[in-house]
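The values are calculated or read from the model by the stated rules, or taken from the named source; none is laboratory data. Remember, predicted model here, so these are calculated numbers, not experimental data. FYI the Cβ positions are ideal-geometry reconstructions off the backbone, even for glycines, and counts take in every protein chain you see. Only protein heavy atoms, including side chains, enter the accessible area calculation; ligands, DNA and RNA are left aside. Shrake-Rupley method; radii C 1.70, N 1.55, O 1.52, S 1.80 Å.
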Amino acid sequence: MTVLHSAPKYASNDGVVETLSAALGSMLISATEQHGEVVLTVARPEIANALKLLRDEHEYQQMMEMAGVDYPSRVERFEVVYMLLSVTRNHRLLVKCTASESTPVPTVTTLWPNAGWLEREVFDMYGVIFAGNKDLRRILTDYGFEGHPFRKDFPLTGYVELRYSEEDKRVVYEPVKLAQDFRSFDYMSPWEGSDYILPGDEKADAPPVAEKKTTDSPKDTGADKDTDAKAAEKEAPPAPAKDEKGDKA
């Protein structure tokens, strides 16, 4: 098959950490290779400049995705992760920076237009602010939603739920109510022994059978002699032979 592009089929990480570390200089905090991927941690104020350098001078043309991570025990609890792809070298790169609720991250919408939607998602789910994003609105939750669902301290049931009220003829917000009428949790392991009967165990105490029904002799089967003789055959007869056309000979 003819190859129409010059990108290698398998990209290697050999020399990538050293080359990019030298190029980023003081903008870089750390550079490691983890699980077969190169991960660069960049100072937050320099994230846009670092990504621009990687795009223009090192052929990482596309930003494929952005993601947020929450570490509540850290002073700057959030990480913003940028996934870059070099089409010409078939190589992927992870670049990240840290942030808190009160430390905005420079926007990269001037580098990649698709970053507008991705930054809105990280803002909506984690509460990270992106300085310079001219349309930083919620994108997955509803208008007026309180909180950020992907934070690790966010209540599992949320704060409020919305529904359309026929009585008020509008959308109303109410505290979340989870109906558990048909659910019961005993948190017991059946392997360690339970104080209730598991499905199927009710048959364990069934009374013994007084008389076992067996077919020890041909007369007990209810079949005639020809049927019994056929059942006694150990091997099935061979299949009929076929000619070249597939018809039976």
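General remarks:
- Taking label points 7 Å from Cα along the Cα-to-Cβ direction, Lys134 and Val17 give a separation of 4.1 nm.
- Residue-wise HN-Hα couplings along segment 103-120, as the Karplus relation 6.51 cos²θ - 1.76 cosθ + 1.60 with θ = phi - 60° gives them from phi, are 10, x, 9, x, 6, 10, 5, 6, 9, 9, x, 5, 5, x, 5, 5, 5, 4 Hz; Gly and Pro carry x.
- Net charge of neighbours whose Cβ lies under 14 Å from the Cβ of Gly147, counting Lys and Arg as +1 and Asp and Glu as -1: -4
- In this structure, the residue pairs whose Cα-Cα separation is over 28 Å, taken from Lys9/Lys96; Lys9/Lys52; Lys52/Lys152; Lys96/Lys152, are Lys52/Lys152.
- Length released on extending from Glu59 to Glu166, taking residue separation times 0.36 nm less the Cα-Cα span: 32.9 nm
- Rounded if a/c under 1.5, otherwise prolate or oblate - segment 1-139, Cα gyration tensor axes: prolate
- Distances between placed amide hydrogens fall under 5 Å for Glu101 paired with Arg77, all partners being 5 or more residues away or on another chain.
- Label-to-label distance, nm, for residues given as Leu111 and Ser26 (7 Å Cα→Cβ offset): 1.9 nm
- Compactness of segment 23-66, expressed as Rg and Dmax over alpha-carbon positions, Å: 10.6, 27
- Amide H contacts of Phe130 (H built 1.01 Å from N, in plane; Pro and chain starts excluded): Val105 sit under 5 Å, all sequence-distant by 5 or more or on other chains.
- Largest accessible area first, the residues Phe150, Phe123 order themselves as Phe150, Phe123 under a 1.4 Å probe with ligands, DNA and RNA left out.
- Stretching Val69 away from Phe145 to a fully extended chain increases their span by 25.3 nm, per 0.36 nm per residue minus the current alpha-carbon distance.
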